[in-house]
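The values are calculated or read from the model by the stated rules, or taken from the named source; none is laboratory data. Note that the structure is predicted; figures quoted are calculated from it, not measured. Cβ sites come from the backbone with ideal geometry, for glycine too, and all protein chains shown count toward neighbours. When the accessible area is computed, the model is the full protein with side chains, heavy atoms only, and any ligands, DNA or RNA have been set aside. Shrake-Rupley method; radii C 1.70, N 1.55, O 1.52, S 1.80 Å.
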Amino acid sequence: MTAPQISGRKSTGRPVGNVTRGTTNPNRMRRVDRWLAGPQAWRLRNAADPLVVDLGYGATPATAVELFDRLAAVRQDVQVVGIEIEPERVRAALPLQRPGLSFRVGGFELPVPGRPVLVRAFNVLRQYEEADVPGVWRLVQDRLSLGGLFIDGTCDEIGRRVTWVALDAERPLSLSISVRFGSFELPSDVAERLPKALIHRNVPGEPVHALMQAMDRAWLECAPLASFGNRQRWQGMCRTLRDAGWPVQDGPARWRLGELTVGWDAVAPLA
């Protein structure tokens, strides 16, 4: 799948994008949803229009339903729209519609009224070419509301290793990593699930590779904390990274969940 399939189609009236494999599993997105309903919940609470899009939810709508349930706990009048480019997937989801949750055919052009405050696209761009990423990011960013956030992420089949890039309407903001303790030997094992913008950049000389290596070193340095459990060891790793100058954006409340967020400028691909 190459960039020409994405560019130049915004005004044709056809969905922008390509049909992807659509593989998904219930509860696969729990880690990113926990982040959206946690430190990012203020965006939904402050939104004039609580419109949220689950873009490319896959062959079954389970994760869109879960997103609705989780965000409804933050704001009861949330409106979640699941968007899929494959019409049959939308037809299969229609029986699950309810007040606040709907499904429609579309792509990166986001065929919804108004401007969404949150857009979640998981395991979608992973199936495109790296050259497609900037154009797709720009399409979605241009549709965000004031204070809106676009999440482009990737995870393994059951959500044990998860990463995502968060973008506002202007630029990428951060890279988040969230892992289940016991699902890795070294933190850099998560590299195989980096978002498309970064997965091919995990090579010497690139900033994201430096982060992966720094995480591994800090994890090994904190081995003595393993006697207290991997949760304590992960928190020690995060403190070590922060003290070494990495722009860690969160604190112990998030670290204890197996989560780490760093500023995008520290991991952005080299030109």
Query raised in the report: Identify, please: which residue in region 115-149 is open to solvent by 20 Å² or more (accessible area, probe 1.4 Å) and hydrophobic (A, V, I, L, M, F, W, C) and is, among those, nearest to the chain's Cα centre (by Cα)?
Result: W137
Requested in this report: Consider G245 carefully, then state whether it is in a loop (DSSP other than H, G, I, E, B) and either in contact (Cβ under 8 Å) with a residue 12 or more places away in the chain or surrounded by fewer than 19 Cβ atoms within 10 Å (Cβ to Cβ) (or both).
Outcome: yes
Query raised in the report: Could you say whether any residue in region 93-111 is over 16 Å from R143 (Cβ atoms), aliphatic (A, V, I, L, M), outside any strand (DSSP E or B) and open to solvent by 20 Å² or more (accessible area, probe 1.4 Å)?
Result: yes
**Report entry** Options D189, D250; residue that is at negative phi and crowded, with 18+ Cβ neighbours inside 10 Å
**Finding:** D250
Query raised in the report: under 14 Å from the mean Cα position of the chain (by Cα) and among the aliphatic types (A, V, I, L, M) - does that describe any residue in region 90-112?
Result: no
Query raised in the report: For region 138-152, which residues satisfy the criterion of being in contact with an Asp or Glu (Cβ under 8 Å, 6 or more places away or on another chain), without any contact (Cβ under 8 Å) to a residue 40 or more places away in the chain and outside any loop (DSSP other than H, G, I, E, B)?
Result: Q141, F150
Requested in this report: Could you list all residues from region 1-25 that are within 20 Å of E88 (Cβ to Cβ) and either among the polar types (S, T, N, Q) or at pLDDT 85 or above (or both)?
Outcome: R14, P15, V16, G17, N18, T20, T23, T24, N25
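So that you can scan it fast, the table gives a plain yes or no per residue for (1) under 16 Å from the mean Cα position of the chain (by Cα); (2) farther than 24 Å from T20 by Cα:
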position	(1), (2)
L36	yes, yes
D49	no, yes
G56	yes, no
P87	no, no
Query raised in the report: Listed residues V32, V16, V53, V78; which is surrounded by 15 or more Cβ atoms within 10 Å (Cβ to Cβ), touching a Gly at 6+ places or on another chain (Cβ under 9 Å) and free of Cβ contacts under 8 Å to residues at least 60 places away in the same chain?
Result: V78
Requested in this report: Determine which member of the set G229, G182, G205 is touching a residue at least 60 places away in the same chain (Cβ under 8 Å), among the small types (G, A, S) and surrounded by fewer than 19 Cβ atoms within 10 Å (Cβ to Cβ).
Outcome: G205
Query raised in the report: Are any of the residues in region 180-188 among the hydroxyl-bearing types (S, T, Y) and part of a helix (DSSP H, G or I)?
Result: yes
Query - Among (1) closer than 22 Å to E129 by Cα; (2) surrounded by fewer than 20 Cβ atoms within 10 Å (Cβ to Cβ) - the single one W164 does not satisfy - result: (2)
Query raised in the report: Would a scan of region 64-79 turn up a residue that is in a strand (DSSP E or B), touching a strand residue (DSSP E or B) at 6+ places or on another chain (Cβ under 6 Å), at pLDDT 95 or above and under 28 Å from H200 (Cα atoms)?
Result: no
